[in-house]
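Chemist: Below is one structure. I have some questions about it.
The values are calculated or read from the model by the stated rules, or taken from the named source; none is laboratory data. Model, not experiment: these values are computed from the prediction. Ideal geometry is used to build each Cβ from the backbone, glycine not excepted, and the neighbour counts take in all protein chains shown. Surface accessibility is based on the protein's heavy atoms, side chains included, excluding ligands, DNA and RNA. Shrake-Rupley method; radii C 1.70, N 1.55, O 1.52, S 1.80 Å.
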Amino acid sequence: MILKFATDNLKPLIGRMKNQKTVFTNGCFDILHVGHARYLKEAAALGDLLIVGLNTDESVRNLKGCNRPIVPENERAEMLCHLEVVNAVVLFNDQTPLK
C-alpha cells in the first residue's frame, strides 16, 4: 500500500494498521540518492509499516536557504512513494515533525 497523506489524515491510517509495527522517519529528501535509499530500507526493516515525514518546500527553504528545495515537494513525495519500502508519505510544514 502506497499512500500520500497530509498530517491531519495520519491518525486514521495508523488506526487501520493497529496490528502492525509502525516506523516513522523524516527528512527533506531534496535530491534522492543511494544513502537515502539505504537509510529508508534500514528503517523499513525495523517494522511492518514505514511512514516518511517529508518537509514541505517552505520548511526546506527555512532549513536550507532560499535556493532550496531543488525538487518540489509533490515530486519528492512521488519519488518516495515509488520506493517499495515506503508505505506512506506525510508532508509537514514545520522544521521538525514533532507536532
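Chemist: State yes or no: is V52 among the β-branched types (V, I, T), over 19 Å from E73 (Cβ atoms) and modelled with pLDDT of 90 or more?
Modeler: Criteria not met by V52.
Chemist: In the set L54, L40, L80, which member is in a strand (DSSP E or B) and surrounded by 19 or more Cβ atoms within 10 Å (Cβ to Cβ)?
Modeler: L54
Chemist: Turning to a different aspect of this structure: Scan segment 60-77 for residues that are surrounded by 13 or more Cβ atoms within 10 Å (Cβ to Cβ), β-branched (V, I, T) and touching a residue at least 40 places away in the same chain (Cβ under 8 Å) and report the count.
Modeler: Matching residues across segment 60-77 total 1.
Chemist: Residues in segment 3-20: is at least one of a type outside the set (A, V, I, L, M, F, W, C), in a strand (DSSP E or B), over 19 Å from Q95 (Cβ atoms) and modelled with pLDDT under 80?
Modeler: Yes, segment 3-20 contains at least one residue that is of a type outside the set (A, V, I, L, M, F, W, C), in a strand (DSSP E or B), over 19 Å from Q95 (Cβ atoms) and modelled with pLDDT under 80.
Chemist: In the set G35, G47, which member is out of contact with any helix residue (DSSP H, G or I) (no Cβ under 7 Å at 6 or more places or on another chain) and part of a loop (DSSP other than H, G, I, E, B)?
Modeler: Details: G35 fails: part of a loop (DSSP other than H, G, I, E, B).
Residue meeting the stated conditions: G47.
Chemist: Now a separate question. Across segment 83-98, which residue is modelled with the lowest pLDDT among those that are open to solvent by 80 Å² or more (accessible area, probe 1.4 Å) and within 23 Å of D48 (Cα to Cα)?
Modeler: That would be L98.
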